[in-house]
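Below is one structure, written out as structure tokens; comments come after it.
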Amino acid sequence: MDLISLLSTTMWIHVHAGDEGLKSVLEQLCRKSKRYLIIEPQPSKCYRNAMTRLRKMGRPELEVSSEKLQWRPKLAEEIGLTLNA
């Protein structure tokens, strides 16, 4: 595949599978894509809203803070992604 897009999904993978789960999914997609992987990361506000919904449903929450979300550029480097805005 030349192009894989992951839109409005990364946050939910992250919320339900944690850092390692998201990293694993991105690594798998990088291996399958021959050229481009388009990712739409969600801002921290979306994470806070998701945590509120999970709390209301009685589901476990992911510890989310702006510091915790700073690992994205490091992760991109680890799995060989080039970030373009």
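The values are calculated or read from the model by the stated rules, or taken from the named source; none is laboratory data. The structure displayed is predicted, hence computed values, not measured ones. Each accessible area value is taken on the protein alone, full model and side chains, heavy atoms only, with ligands, DNA and RNA left out. Shrake-Rupley method; radii C 1.70, N 1.55, O 1.52, S 1.80 Å.
Note on Ile38: accessible area is roughly 80 Å² with a 1.4 Å probe, heavy atoms of protein only.
Using heavy atoms of the protein chains and a probe of 1.4 Å, the accessible area assigned to Arg48 is about 140 Å².
Taking 0.36 nm per residue of separation and subtracting the Cα-Cα distance, full extension of the segment from Asp2 to Glu40 would add 11.9 nm. In this view, the solvent-accessible surface of Met57, computed with a 1.4 Å probe and all protein chains in place, comes to about 120 Å². Annotation: amide H of Ile4 within the under-5 Å range of Tyr36, Leu37, Ile38, sequence separation 5 or more or interchain, hydrogens built in the peptide plane. What the pair-distance distribution of segment 1-63 shows, using all Cα-Cα distances binned every 5 Å from zero, is 4, 18, 24, 22, 15, 9, 6, 3, 0 percent.
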